[in-house]
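The structure under discussion appears below in the form of structure tokens.
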Amino acid sequence: RGSFEEGLADCPGFSHEGNFINGFYESHPIQYGESAYGFAKNSHTMLNIANAKKIKLIIDGEELSLARGKLNNYSRVLDFKSATLTRSFEYTTPNGKSVRVNIRRLVSLTEKHIAAIRYEVTPLDFSGKIEFVTSIDGNVKNLSAGDDPRVGSGLQGRVLSIEEKVIVGNSLALRQKTKTTGFSVACAACHKLNANNYAASTEDSELELAIKYDIDAREGESIVLEKYIAYITYKDCEESRLLEASLKLAAEAQMKGFDHYFEEQKKYMDQFWYRADIEIDGNAALQQGIRFNLFHLLQSTGKDGSTNIAAKGLTGEGYEGHYFWDTEIFVLPFFLYCFPDISRKLLEYRYSILDAARQRARELSHPKGALYPWRTIGGEECSAYFPAGTAQYHINADIAYAIQKYMESTNDYDFLLNYGAEILFETARLWADLGEYIESKGNRFCINTVTGPDEYTAIVNNNCYTNMMAANNMSYAYKVSLLLKDNYPEHYRRISEKIGLEENEPEIWNEAAQRIYIPYHEDKKLYMQDDSFLDKKPWDFENTPIEKYPLLLNFHPLVIYRHQVCKQADLVLALFLLGNRFTDEEKRINYDYYEKITTHDSSLSPCIFSVMASEIGYHQKAYDYFMKTARTDLDDLHGNTANGVHSANMAGAWMCIINGFAGLRAFDGTLQFNPYLPSDWEKYHFKVYHNSCLIDVTVNKEGIRYELLEGDEISIYHKGSNVTLRKGNPVNFN
Ligand code: BGC
């Protein structure tokens, strides 16, 4: 977290310390007042690990504290171009000694173990003592859950034991371990001090290790302390060698130096922004918002195939660091159309937990197939509230949908054969087992007793989104089975043997997909969110004062479930994801209906409404919803950014522009654009990577320009007409 080097002890209520590693968690039993068979047994919590950022500054006997003393020219800058956080200020102690402080720090994006801090202090009006106390603090714990289901965990107190610690020369290191998962992490810090006259001493207490530098400082002469931090876990090294490995990494980092990391970081970010940036002309605040969001997506996303992106990224403890469907439906598209390699890694993560998903399916009495957990880190279902957790079976279809989009955009057969096909078959099997042909529903394939994306409606029959997405899952799995049979028979045989796939199963999926039941009201041309949705009475919005939102914190779930009220896009999400299955008229009618009853109490909602408003031609609405996404965390619009940023919403802001204003769709693998310029803007400009081609798109008052920057040729649709783009031949439209 972006907390201060000197800590937050003097800033009560200012937020809390945190240092997190993606995928590093403790497992703990979920406490139920009343349990039942098959309830999720354990939760996983991303742990707050040893804090190595800590550096205290003591100025002629007085400790720097933002709460005492006087601050001047304070600035704190997160530079998106170098992924560096800089803090600079002048500070006068209560006794009247002034210093200038300049702190730069980064978490390396090129060497995953490394972080570095460069701390410069200059006495402005005195010569005397300056002391640095630089430490690794193992006295850390996680936030405990209160009444808000979105905050904290069931963990109490300190859960990481300190197994070993050592101080050697300018270096400190300690190793922590979890009790239940047995995960180890070592953290080392290696220092370099640039000062003329100093003495060093060490402090080794039970939970914290420190080096204290006593410096004879002179007025006007800068002192620089560099701290090179390395974290390494059991995943990358044997436990017995972890401490030593962390020390070695920190020492190597110190040899390379801060400037090296800074330069590497800049190069990395240049490459990132070259593809990912969206330039907006005409609104600097929005420009900043969108870049802030993209930066966070980059830095929080696991890129190793065994980690993913948490709902709150790596910025806070909200939702315990769990991964949800937020990944496949919200975050993954950004990576897919900018950095497909990263989106592959996100999908490989799903493969890495496929065994756990198979086991979960058995726990829910499905003899075949896999059921992905609604929320998890290590693969086990961690949702304690099954009506809005496990019951959201649609996560299976969301993952399958993401695999389909990934394949259509990359033709990565290596992925399909080694990972994707098996996931598709296992998820399709689950649907085939779950659903049934019901006579009173015209012998259509029905899916009962599930929850759709809208968490204000739970445990329903035939959630329209789920049925449509499940059908998509099954028919795509069927197509892939045919493709494999024809073109890669040995792979088909291998997978079939592994999972015991019977000859007729793909036909069964296809049949179910063809005969899926869709709840539809002919007269109203309305897709019903589920079988009983329209029978419920509408929520009394007029008499619900603003302080009663979000409803989930003010009404019992049953009260909410009894009404027509949506927390987030559900059917409207289907209109977007499966847009080629609806007529324009249906889109408008259904959008109008569901918009009126949606509270957007989930930050996953406004972006989808924005995208669909753009498509329907409600441009002002599209813009208003977009405004709710672009700066959500910068401006703390939900009042809970302290618990972590809203990752899905951050990616949603990208969707508002790319899928909304620019109208990008990719049904059946061909890109279609339908761009317009929001009236407040002069121009926007972005790039999209698809089928090994990089397309540069500019939309301004003069018109729309496409240019192919990488790849020889690609065929796209512009406002419904086919256009072939060739390298070196930009195409303009008025
Ligand atoms: C939303 C879910 C989402 C979760 C994590 C909830 O508030 O309703 O759809 O997956 O937050 O972001």
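The values are calculated or read from the model by the stated rules, or taken from the named source; none is laboratory data. Treat the numbers as computed from the prediction; the structure is a model and nothing was measured. Neighbour counts run over all protein chains shown; Cβ positions are idealised from the backbone, glycine included. Ligands, DNA and RNA are stripped out before the accessible areas are found, and what is left, the full protein with its side chains, is counted by its heavy atoms. Shrake-Rupley method; radii C 1.70, N 1.55, O 1.52, S 1.80 Å.
Figure legend. Inter-residue proximity from segment 303-325: first residues over 21 Å from residue 351 (Cα atoms) and within 9 Å of the ligand (Cβ to nearest atom), second residues in a helix (DSSP H, G or I) and open to solvent by 20 Å² or more (accessible area, probe 1.4 Å), beta-carbon distance below 6 Å, spacing 6+ or different chains. Indicated pairs: 312/319; 318/643.
Just one residue in the set 161, 144, 153 is touching a strand residue (DSSP E or B) at 6+ places or on another chain (Cβ under 6 Å), at pLDDT below 95 and among the hydroxyl-bearing types (Ser, Thr, Tyr); that residue is 153. Given the condition within 19 Å of residue 314 (Cα to Cα), under 23 Å from the mean Cα position of the chain (by Cα) and part of a strand (DSSP E or B), answer yes or no: does some residue in segment 2-25 qualify? Scanning segment 2-25 turns up at least one residue that is within 19 Å of residue 314 (Cα to Cα), under 23 Å from the mean Cα position of the chain (by Cα) and part of a strand (DSSP E or B). Can you pull out every residue in segment 325-367 that is touching a Pro at 6+ places or on another chain (Cβ under 9 Å) and closer than 25 Å to residue 568 by Cβ? Across segment 325-367, the qualifying residues are 325, 329, 343, 353, 357, 360. Number of residues in segment 647-670 that are open to solvent by 30 Å² or more (accessible area, probe 1.4 Å) and at positive phi equals 1.
All conditions but one from (1) outside any strand (DSSP E or B); (2) surrounded by fewer than 16 Cβ atoms within 10 Å (Cβ to Cβ) apply to residue 90; the one that does not is (1). Note on segment 227-247: residues that are more than 31 Å from the chain's Cα centre (by Cα) and of a type in the set (D, E, K, R) total 2. For residue 340, the conditions (1) under 13 Å from the mean Cα position of the chain (by Cα); (2) away from the ligand (no atom under 16 Å from the Cβ) are fulfilled apart from (1).
Of all the residues in segment 628-646, those that are within 22 Å of residue 283 (Cα to Cα), without any contact (Cβ under 8 Å) to a residue 24 or more places away in the chain and either crowded, with 17+ Cβ neighbours inside 10 Å or within 16 Å of the ligand (Cβ to nearest atom) (or both) number 1. Going by the conditions given, is residue 355 touching a residue at least 12 places away in the same chain (Cβ under 8 Å), farther than 28 Å from residue 23 by Cα, open to solvent by 40 Å² or more (accessible area, probe 1.4 Å) and part of a helix (DSSP H, G or I)? Against the criterion (touching a residue at least 12 places away in the same chain (Cβ under 8 Å), farther than 28 Å from residue 23 by Cα, open to solvent by 40 Å² or more (accessible area, probe 1.4 Å) and part of a helix (DSSP H, G or I)), residue 355 does not qualify.
Picking from residues in segment 146-180 that are outside any strand (DSSP E or B) and open to solvent by 60 Å² or more (accessible area, probe 1.4 Å), the one that is nearest to the ligand (Cβ to nearest atom) is 149. Based on what the data block shows, is residue 434 more than 21 Å from the chain's Cα centre (by Cα), open to solvent by less than 10 Å² (accessible area, probe 1.4 Å) and hydrophobic (A, V, I, L, M, F, W, C)? No; evaluated as a whole, the condition is false for this residue. Mind checking whether some residue in segment 455-469 is assigned to a helix (DSSP H, G or I) and either open to solvent by 40 Å² or more (accessible area, probe 1.4 Å) or polar (S, T, N, Q) (or both)? Checked against the condition, which is being assigned to a helix (DSSP H, G or I) and either open to solvent by 40 Å² or more (accessible area, probe 1.4 Å) or polar (S, T, N, Q) (or both), segment 455-469 yields at least one hit. Residue count for segment 358-404 satisfying the condition of being outside any helix (DSSP H, G or I) and over 21 Å from residue 45 (Cβ atoms): 10. Being at pLDDT 95 or above, crowded, with 21+ Cβ neighbours inside 10 Å and under 29 Å from residue 456 (Cα atoms) is a property that holds for residue 400. A count restricted to segment 614-652 and to residues that are of a type in the set (Phe, Trp, Tyr) and either modelled with pLDDT under 95 or closer than 18 Å to residue 333 by Cα (or both) stands at 1. Only one entry of 52, 40 meets the criterion of being of a type in the set (A, V, I, L, M) and under 30 Å from residue 246 (Cβ atoms), and that entry is 52.
When residue 345 is tested against (1) within 18 Å of residue 377 (Cβ to Cβ); (2) within 16 Å of the ligand (Cβ to nearest atom), just one condition goes unmet, and that condition is (2).
Among the residues of segment 73-83, none qualifies, meaning not one is open to solvent by less than 70 Å² (accessible area, probe 1.4 Å), more than 30 Å from residue 274 (Cα to Cα) and either touching a helix residue (DSSP H, G or I) at 6+ places or on another chain (Cβ under 8 Å) or not aliphatic (A, V, I, L, M) (or both).
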